[in-house]
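Following: one structure in structure tokens, then a few remarks.
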Amino acid sequence: MVTPAITFHAAKAMARFFDGDDGSGAEGFGRYMDHVEAVDPLSPVVAKVHELEADPMGAATRHLREYCGNIRWLGMWGAFGCPVVRLESAWAALMSWSSIPRELYDFVTPPWRAFLLELPRDMGLVCDWDKQSMPLQELRVARMRSRRNLPTGDETPQAEDWWEHWHVCFTSPDGQRQRTLTIRLDDLCGNHDPTYDAPDAVTRSIRAVFPLIGALCMAFQTEGMVHKPSNKARRAHRRREGLYPTVNEYVVGAPVKLDLRLKTKAFIEGGHAAVRGPMTIQTMVRGHWRNQAHGPGHRDRKFIHIEPFWKGLQSAPIAVRPHVLVDSGVRS
């Protein structure tokens, strides 16, 4: 865990203001700021907000939004008991190449409105901080509600006046810098353009991370994929990461047959071209017809039949799976 321990204590202290919040974090944020100004008007939090509010520049407005958003996330995180989710690396690599069909979008709901997500170290995930690429180790995830702009004079909130959106905050290893993105449900479910090759490792890392959040939401609704770490594993984890008083830890994952960690790391480092290589299994390619180009300049076409053949290294294991004969419906 790379987040400083003071974050945990701040979240616990702020939780009572956000407990019972409407889901937007706005009410809790208002209660918290009123309390801080009443108890300690010279608080660094109040000074920081006033400093950013006084600067009319666009960059200051963005920093103010990020700063206040961080306070909202901390309070909501504390109100839900400071949940921390750690992903098993082999399972996470497999999920980064998976997608969720659109008919299941309604089931992509987070177990909490705010949680901390620890990412595996061996997938090669990176993010840029001040034009310097550094490992991406954790995310602050929130699903918040926001009010739509109502017509003048209409102040009665209706259900359709609210919309929900996902916020993902990437934090630097030292916990001092962050980058916040609002993401679409299509990206969260891995339904993006498969032909698009992102131009750099940072963009490819972000693209690989988003499906992990959707997979995590589905895993919490699937039997056998979520468990609490054992005391021995928790002690070993804290020895590696340093003391961090987390009270609500979960591990998400399941046994996988195909380990895609090296493929994921190669994709992040070099794009689609880097993951093309020899197959690790043998599979039977069915016989098929092809409209084969031939002749000068390949301008002519002729039908040829390709006989069934084995694809993959001869020393690789054979992938055995059932096939359905379309005409008879018989599995063979």
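Some notes on this structure:
- Remark: the range 223-228, residue by residue, has Karplus-estimated 3J(HN,Hα) of 5, x, 9, 10, 8, 7 Hz, where x stands for each Gly or Pro and the curve is 6.51 cos²θ - 1.76 cosθ + 1.60 at θ = phi - 60°.
- Inter-label distance, nm, simple model (7 Å from Cα along the C-beta direction), I306/D19: 6.4 nm
- Here E37 and W97 are evaluated by their C-beta separation; at R0 = 51 Å the FRET efficiency comes out at 0.55.
Computed from the coordinates by the stated procedures, all read-outs in this text should not be read as laboratory data. Just so you know, these numbers come straight off a predicted model, no measurement behind them. Positions of Cβ are backbone-derived with ideal geometry, glycine not excepted, and every protein chain shown enters the neighbour counts.
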